[in-house]
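Notes follow once the structure below has been shown.
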Amino acid sequence: MRVHSWSEFALGAAGFGVGVALLLRGNGVGGLFGMGWIGISAIHLWRALNEAWCAQTKEREEKQRRAARKRLGKWAWPVRMFGAVLAVLGVLVMLLPQKQLL
């Protein structure tokens, strides 16, 4: 097996870790979300190992990068990363103990 997309592989591994962490927390809803994270991470791991899917994705990403650079200029990179920053913050908030949030 060869990893064709290390970013997809990293997403799969991180998602698996979050899923296991949620399953180990022990409440019912967290367990359901944990199973969902593990399922999504399995999809990411499959994509990382699929050569045809990775080739198509690289072509699509390059088209998106060119379009973003054309429309946004020097602001293309921060605008494209905004969703990823929100996702990471959401995961961090989700993993905090509930008593600290209140």
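Given the criteria open to solvent by 70 Å² or more (accessible area, probe 1.4 Å), more than 21 Å from residue 96 (Cα to Cα) and modelled with pLDDT of 90 or more, does residue 16 qualify? Spelling it out, it is not the case that residue 16 is open to solvent by 70 Å² or more (accessible area, probe 1.4 Å), more than 21 Å from residue 96 (Cα to Cα) and modelled with pLDDT of 90 or more. Checked against the criteria, residue 11 counts as open to solvent by 70 Å² or more (accessible area, probe 1.4 Å), touching a His at 6+ places or on another chain (Cβ under 6 Å), in a helix (DSSP H, G or I) and modelled with pLDDT of 90 or more. Within region 33-58, the residues that satisfy the criterion of being under 14 Å from the mean Cα position of the chain (by Cα) and of a type outside the set (A, V, I, L, M, F, W, C) are 36, 39, 41, 44, 47. Give the residues of region 21-44 that are open to solvent by 50 Å² or more (accessible area, probe 1.4 Å) and either closer than 12 Å to residue 91 by Cα or assigned to a helix (DSSP H, G or I) (or both), sorted by residue number. Within region 21-44, 23, 24, 25, 28, 29, 32, 33, 35, 37, 40, 42, 43 meet the criteria.
The values are calculated or read from the model by the stated rules, or taken from the named source; none is laboratory data. Every value quoted in this text rests on a predicted model; they were computed, and no experiment measured them. We place every Cβ from the backbone using ideal geometry, glycine too, and count neighbours over all the protein chains shown. For accessibility, only protein heavy atoms count, side chains too; no ligands or nucleic acids. Shrake-Rupley method; radii C 1.70, N 1.55, O 1.52, S 1.80 Å.
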